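Colleague: Sharing a structure with you now.
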Amino acid sequence: MAPRKSAASAGRRAGASKSAKSRSGKSAKPAIGTEIAEFDKEQELGVYREMLLIRRFEEKAGQLYGMGFIGGFCHLYIGQEAVITGIQHAMRDGDQLITGYRDHGHMLAAGMTARGVMAELTGRQSGYSRGKGGSMHMFSFEKNFFGGHGIVGAQVPLGTGLAFANRYRDNGNVSIAFYGDGASNQGQVYESFNMAELWELPVVYVVENNRYAMGTAVSRASAQTDFSQRGVSFNIPGYQVDGMDVRAVFAAAEAALEHARSGNGPIILEMLTYRYRGHSMSDPAKYRSKDEVQKMRSEHDPIEQVKVRLLEKGWASEDELKAIDKSVRDIVADSAEFAQTDPEPDPSELYTDILA
Amino acid sequence: MPIDILMPALSPTMEEGTLAKWLKHEGDSVTSGDVIAEIETDKATMEVEAVDEGTIGKIVVPEGSEGVKVNAVIAVLLGDGETAADIGTETPAATPAPAPAEAPAPVAAEPAAAAPATAEVPSDPDIPAGTEMVPTTVREALRDAMAEEMRADDDVFVMGEEVAEYQGAYKVTQGLLDEFGARRVVDTPITEHGFAGVGVGAAMAGLKPIVEFMTFNFAMQAMDQIINSAAKTRYMSGGQMHAPVVFRGPNGAAARVAAQHSQCYASWYSHVPGLKVVMPYTAADAKGLLKAAIRDPNPIIFLENEILYGHTFDVPKLDDFVLPIGKARIHRAGNDVTIVSFGIGMTYAEQAAEELSGMGIEAEVIDLRTIRPMDLPTVIESVKKTGRLVTVEEGFPQSSVGTEIATRVMQQAFDYLDAPILTVAGKDVPMPYAANLEKLALPNVAEVVDAVKAVTYTA
């Protein structure tokens, strides 16, 4: 698609002005990723509650998995809550989300109901995919959540295609494509980068670098471990962000969304984050030390950081935070109860939704 | 109310395990996320984390216990203000958790859901008497189909390698860039996996992409996006999301381009639920079916053929000539034998029928047109009349479209058969380059004639 890219402009961009543009872009404002947004009380309480909901939901999902209510693969987002929460707060109505299989947090942040997600995890009829998708394959057209994809990296071209549609319709929306440090080594990611920059598509690529692709540490799988720089050969700017600090994520996401929305093409945000749990439920996590996990939990926990600020600033008391925790637990308990009692899909569902 | 801590399942297949070690003891307080125990499964040693906050009131299963069933109560957690006295003497049974192994029971116990009856596919529209028939090449017919649909719907666009400025590697998109501009006729880099995914993503967002593969040989690079992203999305999303995309391009052997560029993918794609697979022969079918494919809300594999691009057929001059996907066409009527083919296979079938007619054997030639969903009723109706069936295709012989037809006709119309079904296909070899070997690798008219003679017991 070349509506904004006539032969003349293509020639200009092919020349030196492109790199000049990148340089001037970097020098004009503070580099993305260095800024920490100032949150007011309402924002702090909001992100606290939202991140807590994801964490409690995931803990409950882990528990239900242990009880046999959830089967198959189940990848928990615990530890990474600040990433989707900060980004979601920077999004506008109409912006689209798409991610891989560690997707429960993204769905809750997108506004999908805990009941609908949990019932899909247990394979019940009221699940978002009527029990036919499971943990890795859930969608909400209404919430602009485009999945939930089980093949590592496949969501990146798809998210680029969402951006293509935005550009085609010139609707001002931005697509946000999440993937992990593991997916960063898939060829289709670079095929997407090339087209996205070539066609100046409004897409923000978010690498959730949680340090391990299943059991393989990034340094064991990646020649270039700075994933923000993986777009360099396509002239795509990229920035590293403290993915454990929801305010840093928010600030970076705002700048990145603005970049993409203004017709500057794609941008990469590398979120430095960490997952506390194993890759999936059956991961003994022998590839890292307990101390490493414990250190992240005690020093960088995204939720604890907000809690400390709320208490220090006197924006909430311990009791008020406990009340938030209770209300979140109630939502999660309700979703778990619902997901255990909701019927399985009718056998007739076996043959529905294959073709229109 | 004390909370039971249950023996967790730590893998999709775990039914029991060994409680290797308790890391917390009676009286210890725990918060969610604390590791409380280690469990050995057949695969690994795993940690068990607390989900709730409280104090360990009682350890029910001591460490070292083997064969602890999933969902057995292994400890009891006390909340604020609760004491060991609150723990019931009989530990309440765990909630009605189905053990993983038992979980599928409800479905298995019931009669298997019957596959729905095949949806009624309408017949070809009547062509009004006096309609002008215009000799048209398949190439032009395909282009006209795309142009008409693009005029009618701004959501339709075409993307692929060399589709725009080059006017199409095989000139199928000739003139489209001039009429519709670069927004809607999009040259892509050579990046099949990537642009197939971009097309599917655009379709998920509501556009109606026509994704051209320069040839379907290169679509193997894109197989994951076609199968896992396009074909399965409607099902996996419970009907919420879908990908109305047409993947089209030349398929099968061309001439002297050897193994990597000469392969028929009809049977490959026909394997996959969630796809429709169309493979036209005539220009009229190419036009009417491509228009239908672009309008269809499902992902479509539209298999063309380079050699057929230049063949000329009559196409009715109508404002909106659309044909039904999923409907075979009786290309030539006859009573002695049924020959089923599709795409370029029809050239062998047609010539064979002509030769056979000279021998007094009148073949009914059916052009399948759509491979999935397959119009088996039309084939079976014909077989009821002729009692004999020969299939013809260029693809490899194992798991071919012909073997699929043979299986289903055998299952559904066994009593009508007067002879075994014979399948004529390409040979079971990669396509050779040498002209003589290439000719040997492809099916030919004589093989079709021989097959018909065999099933009609003609000397």
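Colleague: When the chain is fully extended, how far beyond the present Cα-Cα distance does B:ARG183 get from B:MET1, taking 0.36 nm per residue of separation?
Modeller: Here the answer is 59.1 nm.
Colleague: Evaluate 2.2 N^0.38 Å with N set to the residue count of the protein assembly as shown, then give the Cα radius of gyration divided by it.
Modeller: This ratio for the protein assembly as shown stands at 1.08.
Colleague: List the chymotrypsin sites (Phe, Trp or Tyr not before Pro) within the range B:366-459 that DSSP assigns to loop and that have no more than 10 neighbouring Cβ atoms inside 10 Å.
Modeller: Passing both the DSSP loop test and the Cβ count: B:TYR457.
Colleague: How far, in nm, would the chain grow between B:ASP418 and B:THR312 when pulled straight, counting 0.36 nm per residue and subtracting the alpha carbon separation?
Modeller: Length gained between B:ASP418 and B:THR312: 34.5 nm.
Colleague: Two-decimal Rg/Rh of chain B from alpha-carbon positions, Kirkwood Rh?
Modeller: 1.17
Colleague: Pull up all non-local amide H partners of B:GLU161: gap of 5 or more, or a different chain, and H-to-H distance under 5 Å with H placed in the peptide plane.
Modeller: B:THR188, B:MET214
Colleague: Further question on the same structure: Write down Rg/Rh for chain A, rounded to two decimals, with Rg from the C-alpha atoms and Rh from the Kirkwood relation over Cα pairs.
Modeller: 0.98
Colleague: I need the calculated FRET efficiency for the pair B:ASP86 and B:GLU16, taking r as the beta carbon distance and R₀ as 35 Å, to the nearest 0.05.
Modeller: Rounded to the nearest 0.05, the efficiency is 0.75.
Colleague: Moving to a separate point now. Principal axis extents for the range A:129-258, Cα atoms only, whole Å, descending order, please.
Modeller: Here the spans come out as 38, 37, 32 Å, largest first.
Colleague: Quick check of the Kirkwood formula: for the range B:372-434, what is the inverse mean of 1/r over all pairs of different Cα atoms, in Å?
Modeller: 12.5
Colleague: Right, something else. In the structure displayed, which of A:LYS295/B:LYS21; B:LYS232/B:LYS276; B:LYS208/B:LYS291 lie more than 21 Å apart, Cα to Cα?
Modeller: Checking Cα-Cα distances, A:LYS295/B:LYS21 exceed 21 Å.
Colleague: Let me ask something else about it. Where in the range B:382-414 does the amide nitrogen come within less than 19 Å of the point 7 Å from the Cα of B:LYS427, taken along Cα to Cβ?
Modeller: B:392-400
Colleague: Calculate I(q)/I(0) for the range A:223-356 by the Debye formula, one identical point scatterer on each C-alpha and no solvent, and give its log10 at q = 0.09, 0.10, 0.17, 0.19 Å⁻¹ to two decimals.
Modeller: Reported log10 I(q)/I(0), two decimals: -0.54, -0.65, -1.11, -1.13.
Colleague: Quick one: which of B:41-50, B:309-318, B:275-284 comes out on top by average Cβ neighbours within 10 Å, and what's the full order, highest first?
Modeller: Ranked from most to least packed, the peptides come out as B:275-284, B:41-50, B:309-318.
Colleague: When Lys and Arg each count +1 and Asp and Glu each count -1, what net charge do the other residues less than 11 Å away from A:ASP319, Cβ to Cβ, add up to?
Modeller: Within the 11 Å Cβ shell, the charges total -1.
Colleague: List the GluC sites (Glu not before Pro) within the range B:362-459 that DSSP assigns to loop and that have no more than 16 neighbouring Cβ atoms inside 10 Å.
Modeller: B:GLU362
Colleague: Place a point 7 Å from the Cα of A:ALA31 along the Cα-to-Cβ direction; which residues of the range A:261-296 have their backbone N under 13 Å from it?
Modeller: Within reach of a label on A:ALA31: A:270.
Colleague: Next up: Whole-Hz Karplus ³J(HN,Hα) for the range B:252-262, in order, using 6.51 cos²θ - 1.76 cosθ + 1.60 and θ = phi - 60°, x for Gly and Pro?
Modeller: Taking θ as phi minus 60°, the curve returns x, 6, 9, 8, 6, 9, 6, 4, 6, 10, 9 Hz for the range B:252-262.
Colleague: Net charge near B:ARG369, counting Lys/Arg +1 and Asp/Glu -1 over other residues with Cβ under 9 Å of its Cβ?
Modeller: Summing Lys and Arg as +1 and Asp and Glu as -1 gives -1.
Colleague: In whole Å, what is the distance between the alpha-carbon centres of the range B:392-422 and the range B:233-277?
Modeller: The range B:392-422 and the range B:233-277 have Cα centres separated by 22 Å.
Colleague: What FRET efficiency comes out for the pair B:ASP450/B:ASP28, r = Cβ-Cβ distance, R0 = 56 Å, nearest 0.05?
Modeller: Between B:ASP450 and B:ASP28 the formula returns 0.10.
Colleague: Report, to two decimal places, the Cα Rg of the range A:265-332 normalised by 2.2 N^0.38 Å (N = number of residues).
Modeller: 1.50
Colleague: What is the mean number of Cβ atoms from other protein chains located within 10 Å of the Cβ atom of each residue in peptide B:407-413, rounded to a whole number?
Modeller: Mean number of neighbouring Cβ atoms from other chains: 0.
Colleague: Per-residue mean of other chain beta-carbon atoms within 10 angstrom of the beta-carbon, peptide A:286-293?
Modeller: Averaged over the peptide's residues, the number is 1.
Colleague: Something else now. Quick one: angle between helix B:401-413 and the longest Cα principal axis of chain B, in degrees between 0 and 90, rounded to 10, please.
Modeller: Rounded to the nearest ten degrees, it is 80.
Colleague: Return the FRET efficiency for the residue pair B:TYR166, A:LYS290: r is the Cβ-Cβ distance, R0 is 56 Å, and the value is rounded to the nearest 0.05.
Modeller: 0.40
Colleague: Starting with the highest mean, order A:301-311, B:420-430, A:36-46, A:143-153 by the number of other Cβ atoms within 10 Å, averaged over the residues of each peptide.
Modeller: Order by mean packing, descending: A:143-153, A:301-311, B:420-430, A:36-46.
Colleague: Taking the Cβ of A:THR341 as the center, what net charge do the other residues with Cβ under 13 Å away carry, scoring Lys and Arg +1 and Asp and Glu -1?
Modeller: For residues surrounding A:THR341, the net value is -2.
Colleague: Oh, and also: Please compute, for peptide A:267-279, the average count of beta-carbon atoms on other protein chains lying within 10 Å of each residue's beta-carbon.
Modeller: 1
Colleague: Expressed as an acute angle from 0 to 90° and rounded to the nearest 10, what is the orientation of the C-alpha long axis of helix B:283-295 relative to the principal long axis of chain B?
Modeller: 30
Colleague: For the range B:274-394, treating each Cα as an identical point scatterer without solvent, what Debye log10 I(q)/I(0) comes out at q = 0.18 1/Å?
Modeller: Scattering profile of the range B:274-394, log10 relative to I(0): -0.93.
Colleague: Separate question: In nm, give the distance between the simple-model label positions of A:GLU42 and B:ASP320, each being 7 Å from the Cα along the Cα-to-Cβ direction.
Modeller: 5.0
Colleague: Using a basic spin-label model with each label point 7 Å from the Cα along Cα→Cβ, how many nm lie between B:ALA259 and A:ARG220?
Modeller: The modelled label-to-label distance comes out at 3.6 nm.
Rule-based calculations on the coordinates, nothing more; no lab input. Because the structure is predicted, anything quoted here is derived from the model rather than measured. Cβ sites come from the backbone with ideal geometry, for glycine too, and all protein chains shown count toward neighbours.
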